[in-house]
Structure formats: structure tokens, C-alpha cells
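Have a look at the structure below before the remarks.
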Amino acid sequence: MTISRRSFLKGAMAGSAASLIGPGLLTTAAAGVTEQGVWKTAGSHWGAMNALVKGGKVAEVKPFGADQYPTEMLNGIKGLIYNPSRVRYPMVRLEWLKNRHNGDRTTRGDNRFVRLTWDAALDLFHEELERIQTDYGPWALYAGATGWRQTGQVHSCGNHMQRAVAMHGHFVKKVGDYSTGAGQVILPYVLGSTEVYSQGTSWPLILENSKTVVLWGNDPYKNLQVGWNCETHESYAYLEQLKAKVAEGSIRVISVDPVRTKTQKYLGCEQLYINPMTDVAFMLGMAHTLYNEGLYDQEFIDAYALGFDDFIAYVQGEAEDGEVKTPEWAEAICGVPAERIREFARLLAADRTQLLFGWAIQRQQHGEQPYWMGAVLATMLGQIGLPGGGISYGHHYSSIGVPSSGASAPGAFPRNVDAGKTPEHDNTDFQGATSTIPVARWIDCLLNPGQTIQYNGAEVTFPDIRMCVFSGCNPWHHHQDHNRMKKAFHKLETVVTIDYAWNATCRFSDLVLPACTQFERNDIDIYGSYSNRGVLAMHKLVDPLFHSRSDFDIFTDLCRRFGRDEEYRQGLDEMGWVKKLYDECREANKSFVPAPTGDQSTFSMPEFTQFWKEGYVDFGPGENWVRHADFRQAPEVNALGTPSGFIEVSSRKIDRYGYDDCRGYPTWMEKAERSHGGPNSDRYPLWLQSVHPDKRLHSQMCESEELRATYAVQGREPIYLSPQDAEQRGIQDGDLVRVYNDRGQLLAGAVVSDDFPPGVVRLQEGAWYGPVGPEIGALDTYGDPNTLTLDLGTSKLAQAPSANTCVVEIERFEGEAPAVTAFGGPTLVEI
Amino acid sequence: MRESLASSAAADSQTGGGAPLDGASEGLLCRWLSTLLGAELDEPTLARYRQGEAAPLLGYLCEAHGLDEQAGRIEAALSRLVMFTTPRLELAADFAELFLADARSGAPPYASLYLDERQGFLGAPAERMEARLAEAGFAVKREVGEPADHLAVMLDYLGHRLERLAETEGAEALALRRELATFLEHELCSWLPRLVARSAEVRTASDLYPALLALTEAYCRRLAERLRLA
Amino acid sequence: MKIIATLWNTLKKPPVHISLGVIIIVSFVAGIVFWGGFNTAMEYTNTEEFCVSCHEMEDNVYQELQTTVHWSNRTGVRAICSDCHVPHNWTSKIARKMQASKEVWGAIFGTIDTPEKFEAKRLELAQHEWARFKANGSLECRSCHDYNSMDWDKMSDEARRFMEPAAERDQSCIDCHKGIAHKLPEQMGSEDPMLARLVREATSVSLDEGQRYYSAKSVDLFTDPELTQRAGVLQVATGVNIVDTQGDSVKLEIPAWRKEKGFGRVLYEDFGQNIGSAVLNKDIAQDDALIEVQETDVVDEMTGLPWGRVNVALWAEKGVYLENREALWETAGQTYRDACSVCHTEPAPEHFDANTWPAMFSGMVGFTNMSAGTQELVLKYLQMHSSDYAEGAH
Amino acid sequence: MAEVKNESRAGGKRREWLAFLFVTAVVVPLLTIAVVGGYGFVVWMLQVFVLGPPGHGG
């Protein structure tokens, strides 16, 4: 009896259930043979690599042959591709979907999302662009922000986003960046070039000629692990030689830094402790010694520089402040004993000295001054343009200093609208607002639309931005003072982000589109970065995971909404573009060497298909080169880019701007807040430095589970502090601590280390922001330093970020610690 | 119609549920669960659920497997949907919150995230599942865009295999029965409890999906026992 | 001799035995046969097969032709050697056939029988053809291509930007399309193609004395018409006045400003603006006979440096000057936008002033593939369109 | 006399045919080629020295 009833159930069930049962997720397929896997070539900011792909999965990653010093972060690549934080489907914020731009924006941050099909998501994106251009205008759309994207010249996501949006309408752009904001604005006035991104004197010449090398706030051994292009770490060979020279005593390397850096420990060199943010005072003391002991090169100054007299009058106390900048005066500020300052000045003047400046000291309030003062010191030493002498601002970045091959590199997917074509909305009326804003002031711009600020000798009027589009860039990592950002974000009607992992920017957006990583698409790039050592084929390792797509694909589809997808991709598909960039590069490299045999080009590159099969083309090593040698040899004909063509120790042009925070020559100015006796150091005695991370590229790779496990403390970002500070606050190594100041609070894991002096703590930037909730002041559960940093322009000249001007206090965290939400997707908010 | 089913189920459970397994019905049940866990509900399907069209399925679960508590929880959740102005959207948001958003919060339905020590996608469980699918002559549809160790995919596979079981008897059926039991124990019941626990932590608007996960976990356990028994 | 005499006698006398009809008919037929044979022979010398029977032709220009659009294209319309290199008009064709005796000479004595020899003579051979095309307005090209039947809508925008003005001027095709079928001689270099096109166009600009022209590329300056005594270099896109012409060289007058700190070797376009016009050798810059100083010790407030206004006249080669800088600026602008948008949004030219651009440019140019000549032009374009010159800047 | 004439007539006839064929097959063609070649040569020389490169027309 029961059997029949059961069969009856099956019958009844089949009837009604049929409509409730979907078509199923499986199809029939022949049993695939398990292939043993194939080795492919790929590349990333962490290094060029070979990857074994087996059964449609990346099974193994090993460094590229030419990379002799691979970084251990390469082990995080698999963690990055398959990381749980991947954005898997197009998602839209529920509140925004329901009420669009009139919805409750204060919930933006940890809100609830709903999945969309790609068509629905792109339609929404297009509708919003249309609404902004028609209801408002180009002043309301900000799509200028760019970041470190991923390597690859075809799929450079910033280019794709900006080209597609530009084909639709004009928008607010940005100038400057977070890495060298102050340096790239001041140095053109002083040395006639941005300097920070220029090729430097070749390492072999430094190793041969320099007697003293000064690392000023510079940690190359840590920062050279990553590069703008597919890195092959050629600088490390030279660092190894430098280490040997230090050991045998033929070169003295001195690290001027409050902290014992990774480079100093690797080289085993000396350290000169200096109070944070007091570099200018220290250098003024040195200048005073050089001048008054006649150790400076007057002849060099007469032939190559202008404006030295005004500056030296300031050092001698003849300027309006009337203070003589003696080493004793400097000691009170920078904490370096006066005798040590004199000794150091004499050492630099004694023999060939190479000054290597890091970028951290210009990322503070008045960040222009230390860079300007560095150039003035180098001018007084008179060794600019000599091999192994002078000053460089970039030897810690993307293998600057490795001789470049001189070959031509491949271009990229176009970022602008094609010549002769106009956007759908050709309205260029910014209604009095400036169309380009200094990038570090974008939050000021959101909070005070219409306000006018001074910037680099001109005036910038903030546009009233209503919509932002971010592609492959994580402004919630870049920018300072997250609580202030939350207020600013409440004013935005729509935020669209295209990325591959759920970082803070995605969670503060309304529309999130999943891009695939660089390992899920074909591309081409150079390897060796500044050494431009060769061209690398970035083979597609696996298909895009889940519903993610390449930026090329996404924005072609977006342009289909207004019928211009053919024009967008110029009729080429992905491989078409890879081949086009390769062929153009090959053509540019066919520089005719007028040898009798005709087409014998200096950089012969094989035909595309052969290149793609082999995976790379090697241009060979470059020749040694000395920066500023041509200027030293003929200052008139090879004039610098300064207004006068000479080194400008004091700049009349800047003097003419009449800024109180950036005068006509480098000056010492007290900061808004400064540890070691500076303002506010009574309430918050510890200086927080947010340097570039050791185990990440900024915020990239923080989502890689395995790699983060190697440094996280109780699942939180580690905060390094000195034994004395820890003991004072009863903190043991490995404790959970709360770090706070007037601007915000966060949790971090304490790491007590004697590399750090009292009063100095370090939280590496790039830690993912994970607030408990979207409320202002909410506790950041993972430990992103930008929860505490100060959002203030360096000065009216550069208006650059001042992240390293930041004082905090630390205390042991009591009670039950909330779970880490940095990597969690959006958690529920009470509806 | 519902009362009569409940009573017979009660009768049946007293006898220790020794009745032989009906592969076809179980297969349908698995493919129903796979559909619910595979994608959000659209407007018409939700309307049918709210009109009680799932009753026979729920009834069969109570009567054949004694899962009255879990089935009741689903029905309660369905009835409470009336509170929402836009129930479909709220359910879609719950679905996203649990399964689609960042896989570190919520309750991502992928075996690799729980069984593989690397805690990433496409771990060893995914590879095992892919091999198992290939062996049975199946593959995940391209447009689905999910790895093989997604819960919905595994349930769909189970559905097909159970229907296959219904068409076999004797030694072959016994072997298949044992194979499915091991599959359920190793590849599903090993992580479903943790999935259910994580889904409980997430404050969703409606209890439907957490209830559904609890039901699925209980059903798999019961199914594994039944397969071992007979 | 006797035979000729008897022959002449026979001819003189009217025919005795052969009827007049036969003579006429046979002569007529022989004429036709002759005409057929003569023409077939001549036409055979126009076939590709005949032209490439010499290995010099087959190994060099014939291979090169196969990589060009005249060999394979969408519609399969092909050009063979005679289509372009043999005039179609009968008289000129016959003259060209006689001229071909030089080619026979070359084949026999092997003047270009190795690739190296061919490469060395390539420029000279090319110039012969360019001169012929220039003279007849690219007649042979027009036998297939006609400006009037060009459908502008179907043409790509970039091509149309150059072709439409050329059509209005009924310009000779060769002015821009040198190297359309065979490789350009090396001396033409692999300069930026758009720039090279302007340089080629400059070769056909006629120079009138007293008029103002602009250099299409950097030009060597000399103190003597024979162009032997080097005096310095005139930079690209610099305004000069032609004051004298002698044979292949012209005398240029360069009005400029210069700084008076140092030797004053660098001449600038305007007071206080670091926009380079020319760079003179040290001795020339100090030679008062050559440099006519019009103003001196004018202090530039921005830098405190004294400047002087000068005028210098020097000799240089002909055929590298354009009437205006519009085409140069357009090329430079497009090159700047393409090159500098690879990594970031390129700042608008008017974003910086003329004296800031050199600093920005030198910091960034390392990332681009611009040759030295292109760099010089793009920097000058940016400076001449900087906030100092564009109205309503920023 | 007659055979002489005959012979001369035959010889004459044969010689006449020979001359005629020789003239039509050899002399006139060569002359024509020479004339045309010469004409081409003259035009070429004019071009080299007087008229400049060919093609004012068209």
C-alpha cells in the first residue's frame, strides 16, 4: 500500500514541483582526459613569472628565468586569483536600486547588495552617466582617479574606463598623485624636472665612484620588490654588490632615518637617528656648517645656480626671522647632537657622495621643503652631474638606476577619444569650476563645492561632484582620514567601481562590476620597468572566474549602449590589440642602423606569433649613464627646465606667489602636529608612519589569505613599536591594541621591535579598511592607518597628501574584540 | 490534501522509515533544492511559492523523512514575506548577502572554502567534484559560471544520480547506493553544518534562506543514513 | 657592295614580273606582321616577368612590393612595374624604352648586382623616379587613382584629413606617398611617419625672398653658401626670413632673444621664454660680425637674468621650410596626446606656462618612444600653446 | 637572246622576288625600327637636356 502512495506522491509532486524546479546546472559532456598541464608566461607588479596551468587551474607559479632575486610575494599570486574576496557578479546596493540617487546615502559603506545580470548593470551605469550629463554637466562627474591597476598595456583598466566615459561625455580629471605629490611639483622649480620618475645615475657608476652613499628616509631593499611594469628585480644585484662594498669598507652607507630599516639591516650599514619630520632643520644645520667652514663649492654655484645669496642670508640669520641656523639650533629640533651634524656635513663634503632620497619625507606637511633643501645641499656639495655624486629621488622605485636598454616600449590601449571624434555629450561648460583638481584634495572638493583654493601659482575652484567612477583604483586606500571621507561620500549620488576584489572602495560604492585579474586575459608588457629589459607575453592562464570579465570586454559592452562599441575598440579584439601593440613596438625598434646590410636594427624583434610562443623578447642590458652630466658639461645648451635654465636655490617665481607655507627658498616650518616635543605631542606622543608595505603592493595582495597569515597578528595588521613605548603602556608582543587620535580609532596587533626608537610607531599603508559600521568614528577592525591620518594639503604650492604628519596614542584593547570585517563583504545593516 | 500526507508520514516514521528509497522522488527533491540555492527567485516563482505550491514537496519531506521542523520553518518564513513591501528584492538581497558577496562574511556555498586548507576557491574539493562530474558524463554549463563544488551543482548531480538509482536494481543498485552514501558523507555532510552555522550569524531580512540551508543539511544527513540502511 | 647596287637597281625599276597587286598585298600583310611582332616585343618588355628577369629587380624591389597594398588588397587590383615606371603615352614610352639602354648597361656590368650595391644606389634611383613623378604630377598614379572619384565617406578619417586638402590643390601624389611601393631609402629614416610626411611636403614648397617660413625639421646652419663652415643648428618649427638664395642653399635671417649669462649660444623665440629657436657654436655666438645685437641688458624679473635681442643671418639647405606651423602643431598635438596618455591623463597644454613645460617634459619623455626630432617639436608645441599663449588659460 | 632574256627573265623574276622579299622582310622593318628608335632617342635626349623629365601633358 505504501509503495503506491509514494509513487502517487511522485506523480503529484512531479505535477506541481515541475514548475518549481529549474532546468538544472549540468549538461552532458564527454569525459575529458586529464591533461598534465602546460607552462605559460605571465607577469605582475611583483615580478614576471612562469605558471603551470593544469585542468583549467593555476597549479604552480615560479619566477621568470631572468628574475634572479624574486620576491616571496610571488607565492601570493594563487591566493590572489582564487581569493575569497573576489567580486563574482555585478552587484548593486539595494537602497540605491530601490530609490536610486534619492536613497538613504548614510547607509553607504556596509550596505546590502543585490546581484544583477551584466546587461542590467551596464544599463544602470549608462543611465546614470546620461542622467549626470543631462541633469547636471561634466562638472558633476569625477572619473579622473587612477591607481596601480595591474600590469599589461592592453588591459590597462584606467585607459579603458576613461576612454569609454570620455566617449560618453567630459568629466573632472585630476593632476598629481599620492606617491610623490609634493616632490613632482617643487622639483621642476629647483632642478628643472619632476625628477621623481626619471631614470637615475646607473648603479655601477655609484658603486665605482661613490665613497659615501646616504639613504635619506629610503628603504630600497623593501620597495624594489614591486615595480610599475613586470618587475625582474635587477637592482638587487647592485644592492648585493653595495653590501659587499660596505663589508670591505670601501663605501660608507649611512641611513638617515628614525627607524632601523630593512635595507640597513641587509647592508649592515650605519644609521643616523633623526626626530620625525625634522629633516629640513637638520639639513639647515649642515648647510650652516658647510658655508661657515668653507666646505661648499662656490665655483659650482656661480656657474650652475642662481639665488644662493638669499638662501644663505636666511641660514646666517639675516632674514626676517633673525635666527642663525647653527647645528645647536638644529639639535633642539631634530634631536641630532650638534657635533654629529658638523661631522656629517664634513663627511659629505670630504669625498664623492651620492644622496638617495626616499618618497616618505615629502609625504608630510610642507613636504616640498625637505626635497628642495636636499637639492640645495647637493648644489652646495657641487657634485651634481658627476658619476656617483649629486642627488637622486627614485633609486628605490621600479629599478631606477639599472641602465636602460634604450629600446622602444609598447604603447597601450588609447585613453582618449579618437582624433576628430566628439563624445555623445560634448558639453565642456564646467560652470566656472576647474576641470582638473589636485588629486589629494578630492575630499575637500566633495565637502566644499564652489570653494576656491590656491594651487601651484593658480586658483582651483572645486566643482560640485555628484558621481564618481573608479576602475582598478582603491581611493579608500589612498586617501587620509576615513571618517572625513565617510561624510564626503554621503554627498555623492552615485559611485561605480570596477575591481576584482571587495576592497573598501567597492563596499562604499553603489554599483560594483567584477573585473577579472590580469591572469585571466591575454596581454603584453615590458619587463624590468626602468631598465626596459624586454617585452613579455602575458598569456591568459585561466578563464575569467565566475561572472567576471576583462575591462576591455566590459567597456566595449558599455559603449554598445550608445552604439559606439566598434569605434571604442577600433574594430580589434583582445588578441588584435596585443598584436597591434607588439607590431608598433617592433616597428619603432626597427631604428635603421645605416649599416651597409640595410635593415640591421639595433633591437630586432621576432615576428609576433614566434614571440607569443617563446613568451618574451630580450633587448639586452643598457649602457651606464650619469644624471645631469649633460647639464654639468654644457649648462647653456643642455639647460634645465627651470625658468632660468639653471639650478634655482631660491625661486623668484614661487616667491612671487606669496604663499605663507612655501616661501622663495627652503625654510623650516613647524608642523600642525609633531611628536618629540612638537605641537599636540603631549596628548598624542607617538608619530605614526604609514610607509609602503613589505608584503604587499600598497593595498594589492592584502586579500591573499596565505600571504596575510604570514604577518597578521591575531588576524590584524601589525603595528610596530619600541620596547620602551610598549613597556610604558603594558603592552606585550602579540597583544591586541587600540590606536587612536582625534580623527579615528583602529585595532591592530602589537609587534614590539627594537628597530623602532621611542615615540615612533609604524602601520604599513595598504591594510584594508574594515569599520564595524558606516557610522562616523566606527572602530576599524583590521588596522588601516588612513583611519588616523591627517587630510591636509602639504602647502598651497603642491596641495599634496600629508599622510606622514600624524600623531597617535596606543592602549591595550580590553574586552571582546569584534571580528575582522575588512575582508568581509557587506554585512547587514538594520533595515 | 496536506493532512492526509502528514498522518501517513507519522505512521511511516514510527516504522523507523524502513520503507525503500524512491530514487525518482529524492532526485526531484535534490534538483528542487539545487534550483532554490542556484539563483534568486524571480517574481512569478515567488508568487507560486507564496500560494503554497511547494506544499507537496514539503509534505513529502515531512512524511518520507520526518523533517517536519525544518519544513515548518520554511513555511513560516514564506508566510512572513507579507511584511515586506518588496519581498523579491529583500530575498534577493538575503541571497546575495549569504551566497554572493565577499566570501569571508556571509555563508558562501563552496566546499573548497571549508574543506581546503588554503580557504580559496577551486581547491581540492572542486577538483574532486569535477572529476566526479566528468566520470558521470556531466559538466557545469558555461553560462552558470560556477565551479563544480558549488552546493547547487552538487545537489543537481546528486539528483541525476538518484534518478539513475531508481532505474537500477540488484547488485548495481547496491553499489550505486553505497557510492552515493559515501559521496554524501564525504563531500556534503562534512561541511554543510559549518555552512549552516555561518548562515545563522548573518542577520538576513527573511529566515527563508537560512531555513533552506538547515533543511538541506538535515536532508542530506537523513538521505545518507537511508542509503546506508537499505 | 655589288649586292646593294643590284638591290638599288631592282628597287628603282618598276616591277617586271610581280604584279602590282601582289606587291601591295604582300607588303601590306608583312606590315601587319611586322607591326604585330614589334608591338608584342615591346609589350613583352612591359610585363612583370620580363622586369624581374634581372635578379637585381627580383631580389630587391619586387620582394618589397609584395609587402605593400599595391600587391594584395581588398579588391585584388594589382599594379605591375610598367604601370608606374613606364609612361603610357606612346612617344614617352618609346623614349623610356630607349632610356632603358642604361638599365641594360647596368645589368651587363652589374652596377647594382649585390644587395649592398643596390642599397647604396637606392636613394639616387628613387630620386630619378620622384623627379619624374613630380614633373608629370604623378601621371601614372592618376591612370588608376582619380581625386574626383574618391568617396570621402568611405575613407578613414585620418586619411581624409590629409587627402581632402590635397585634392583641392590637385597635389601630386608623390609629394606624400614616397615609398608607397618600395622601401624608403634609409636616409629618409624611420622618423615619426606623420612628421616625415611634412618634411617630404616641404621639399615642394617654393621659397620667395623676404617671406617668413618655418623649419619643418632641425636644420644645420653654415656661414657659407657652399654649406661647409658649420655654425650651429636651427630647431624645428622656428620662424625665419629668407633673404637670399644661391643654388641649393638659402640665407636665413633669425630674429631672436638670448640670455647674456655665459656665451649666449642658445637663441630663444621670445624675451624671458625658454622656447628654443637655434643653438649656435661658441665662436659664432661671440662673433659680432655675424650677430647683430639690437637690444642688450634687458633684465627678466622672473629670474633676474639679463637678456639681449639679436638678429643673425646664416646659410642652410633649401626645401625644408613650410609656409606656416599649423600642420606641424597638429602633428605635434596628436603625437603628444597619443604618447602621453599611455599611463595617465595628459595635462592640457595650457595647464602649465611656457617655462614650466621643459621641466615637466624632461621628467616624463623617457617613458615615450619619441625620437629626438619629435621631442623638440612636441615641447615647442606645448610651450607655444601653454598658458602664456592660450587665452583664458586653466 | 630569248633564253638569256628567259634566263634573265627567270633570273630577273627570281631576283626580283628575292629583292622584294628581302626588302619587305628585312630592310623596311630595320629601317622602321631605326626610325622609331632614333625618334625615341631624340626625344630622350631632348628630355635630358631641354624639356626636362617627361610628362607635361595629362
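We did not get these values from a lab; they are worked out from the coordinates using the rules stated. Because the structure is a prediction, the values reported are computed rather than measured. Glycine also receives a Cβ, built like all others from the backbone with ideal geometry; neighbour counts cover every protein chain displayed.
Would you calculate a helix-derived [θ] at 222 nm for chain C, using -39,500 (n - 2.57) for each DSSP H run of n ≥ 4 and dividing by the full residue count, to the nearest 500? It would help to have the intermediate numbers written out before the result.
On the way: 15 runs with 156 residues, N = 394.
Mean residue ellipticity at 222 nm (helix-derived): -12000 deg cm²/dmol.
For the range A:686-823, give the share of DSSP beta bridges that are antiparallel, in percent and rounded to the nearest 5; count only bridges with both residues there. If you can, show how the numbers build up before the last one.
On the way: 16 of 24 bridges.
If we restrict to bridges inside the range A:686-823, about 65 percent are antiparallel.
Could you give the size of the charge dipole of chain C about its Cα centre, using +1 on the Cβ of each K and R and -1 on the Cβ of each D and E, expressed in debye and rounded to the nearest 20? All intermediate terms of the calculation are to be shown ahead of the outcome.
Working: 37 positive and 58 negative charges, 473 e Å.
Approximately 2280 debye in magnitude.
Just the ratio, please: alpha-carbon radius of gyration of the range A:63-145 over 2.2 N^0.38 Å, N its number of residues. Each step should come with its number before you reach the end.
Working: Rg = 19.4 Å, N = 83, 2.2 N^0.38 = 11.8 Å.
Here the answer is 1.64, to two decimals.
For the range A:150-289, what is the largest minus smallest coordinate of the Cα atoms on each principal axis, given in angstrom and ordered from greatest to least?
Cα spread of the range A:150-289 along its principal axes, largest to smallest: 61, 37, 27 Å.
For the range A:775-819, with only Lys/Arg (+1) and Asp/Glu (-1) charged at the beta-carbon, what is the dipole magnitude about the Cα centre, in debye rounded to 20?
Values: 2 positive and 8 negative charges, 78 e Å.
That gives the range A:775-819 a dipole magnitude of about 380 debye.
Which of A:LYS62/A:LYS590; A:LYS40/A:LYS62; A:LYS262/A:LYS325; A:LYS222/A:LYS540 have a Cα-Cα distance over 21 Å? Before the final figure, lay out the partial values.
Details: A:LYS62/A:LYS590 33 Å; A:LYS40/A:LYS62 11 Å; A:LYS262/A:LYS325 32 Å; A:LYS222/A:LYS540 29 Å.
Checking Cα-Cα distances, A:LYS62/A:LYS590; A:LYS262/A:LYS325; A:LYS222/A:LYS540 exceed 21 Å.
Taking chain C as the reference, fit the longest principal axis to its C-alpha atoms, fit the long axis of helix C:372-384 to the helix C-alpha atoms, and give the angle between the two in degrees, 0 to 90, nearest 10.
50
Work out the charge dipole of the range A:397-518 with +1 on the Cβ of Lys and Arg and -1 on the Cβ of Asp and Glu about the Cα centre, then indicate which of A:ASN448, A:PHE508, A:CYS468 is farthest towards its positive end.
A:PHE508
Going by how many other beta carbons lie within 10 Å of each one, how would you line up C:TRP8, A:TRP502, fewest first? Numbers along the way, then the final one.
Details: C:TRP8 10, A:TRP502 31.
Exposure proxy ranking, most exposed first: C:TRP8, A:TRP502.
If a/c stays under 1.5 just call it rounded; otherwise compare a/b with b/c (prolate if a/b is bigger, oblate if not). Do that for chain C, with a ≥ b ≥ c from the square roots of the Cα gyration tensor eigenvalues.
Details: a/c = 3.17, a/b = 2.26, b/c = 1.40.
Prolate, because a/c is 1.5 or more and a/b exceeds b/c.
Just going by the charge dipole of the protein assembly as shown, with Lys and Arg at +1 and Asp and Glu at -1 on Cβ, which of A:ALA281, A:PHE562, C:VAL22 is farthest out on the positive end?
C:VAL22
May I ask you to order C:293-306, A:264-277, A:398-411 by the average number of other C-beta atoms within 10 Å around their residues, highest value first?
Values: C:293-306: 13.6, A:264-277: 19.9, A:398-411: 23.5.
For the peptides C:293-306, A:264-277, A:398-411, the packing ranking is A:398-411, A:264-277, C:293-306.
Mind checking which aspartates and glutamates have their Cα closer than 14 Å to the Cα of C:LYS12? Skip sequence neighbours fewer than 8 apart in that chain.
Within the straight-line limit of under 14 Å, C:LYS12 reaches these aspartates and glutamates: D:GLU16.
So what is the 222 nm mean residue ellipticity for chain A from helices alone, if each DSSP H run of at least 4 adds -39500 (n - 2.57) and you divide by all residues, rounding to the nearest 500 deg cm²/dmol? Walk me through the intermediate numbers first.
On the way: 28 runs with 244 residues, N = 831.
When only DSSP H runs of four or more count, the value is -8000 deg cm²/dmol.
Helix C:193-202 versus the longest principal axis of chain C: what is the Cα-based angle in degrees, 0 to 90, to the nearest 10?
Result, in degrees: 80.
Please name whichever of C:GLY272, C:ASN148, C:THR203 sits farthest to the positive end of the charge dipole of the range C:115-272, dipole taken about the Cα centre and charges placed at Cβ: Lys and Arg +1, Asp and Glu -1.
Most positive-ward Cα: C:GLY272.
Please give me the summed charge of the neighbours of A:SER681: other residues whose Cβ is under 12 Å from its Cβ, Lys and Arg +1, Asp and Glu -1.
Values: positive: A:LYS671, A:ARG674, A:ARG683; negative: A:GLU670, A:GLU673, A:ASP682, A:GLU809.
So the environment of A:SER681 carries a net charge of -1.
Looking at the square roots a ≥ b ≥ c of the eigenvalues of the Cα gyration tensor of the range A:595-732, which shape do they give, rounded for a/c under 1.5, prolate if a/b is larger than b/c, or oblate?
Working: a/c = 3.71, a/b = 1.26, b/c = 2.95.
In terms of gyration-tensor shape, oblate.
Apply 1/(1 + (r/R0)^6) to the Cβ-Cβ distance of D:VAL26 and A:GLU614, taking R0 = 60 Å, and write down the FRET efficiency to the nearest 0.05.
Values: r = 68 Å, r/R0 = 1.13.
Working from the Cβ atoms, E equals 0.35.
Roughly what angle does helix C:326-340 make with the longest principal axis of chain C, taking Cα atoms, 0 to 90 degrees, to the nearest 10?
The angle comes out near 70 degrees.
Could you tally the net charge around A:CYS806, taking each other residue with its Cβ under 12 Å from the Cβ of A:CYS806, Lys/Arg +1 and Asp/Glu -1? Walk me through the numbers on the way to the answer.
Values: positive: A:ARG363, A:LYS671, A:ARG674, A:ARG743, A:ARG762; negative: A:ASP481, A:GLU673, A:ASP742, A:GLU765, A:ASP791, A:GLU809.
Net charge in that neighbourhood comes out at -1.
Starting with the fewest neighbours, write out C:LYS183, D:LYS13 ranked by other beta-carbon atoms found within 10 Å of each beta-carbon. Before the final figure, lay out the partial values.
Numbers: C:LYS183 20, D:LYS13 15.
Ranked by crowding around the Cβ, least crowded first: D:LYS13, C:LYS183.
Counting only complete DSSP H runs, which helices of chain B cover 27 Å or more along their long axis at the Cα atoms and score a mean Kyte-Doolittle of 0.0 or above?
Numbers: long enough: B:208-229 (31 Å, 0.29).
Answer set is B:208-229.
Could you please rank A:THR434, A:THR497, placing first whichever residue has the fewest other Cβ atoms within 10 Å of its Cβ?
Details: A:THR434 21, A:THR497 26.
Least crowded to most crowded, the residues run A:THR434, A:THR497.
Note down the net charge around A:ARG131, summing +1 for each Lys or Arg and -1 for each Asp or Glu among other residues with Cβ under 11 Å from its Cβ.
Details: positive: A:ARG100, A:ARG466; negative: A:GLU127, A:GLU128, A:GLU130, A:ASP135, A:GLU493.
Taking every other residue near A:ARG131 into account, the sum is -3.
Under unit Cβ charges (Lys, Arg +1; Asp, Glu -1), what dipole magnitude, rounded to 20 debye, does the range C:206-322 have relative to its Cα centre? Intermediate results must be reported in sequence, preceding the final value.
Values: 11 positive and 20 negative charges, 76 e Å.
In total the dipole reaches around 360 debye.
Under the classification rounded if a/c is under 1.5, otherwise prolate if a/b is larger than b/c and oblate if not, where does chain A fall, given a ≥ b ≥ c as square roots of the Cα gyration tensor eigenvalues?
Numbers: a/c = 1.66, a/b = 1.42, b/c = 1.17.
Taking the square roots of the gyration eigenvalues as a ≥ b ≥ c, chain A is prolate.
Structure shown: which of A:LYS211/A:LYS265; C:LYS134/C:LYS217; C:LYS261/C:LYS318; C:LYS117/C:LYS178; A:LYS78/A:LYS579 lie over 25 Å apart, alpha-carbon to alpha-carbon? Before the final figure, lay out the partial values.
Details: A:LYS211/A:LYS265 20 Å; C:LYS134/C:LYS217 22 Å; C:LYS261/C:LYS318 33 Å; C:LYS117/C:LYS178 21 Å; A:LYS78/A:LYS579 27 Å.
Going by Cα-Cα distance, C:LYS261/C:LYS318; A:LYS78/A:LYS579 fall outside the 25 Å limit.
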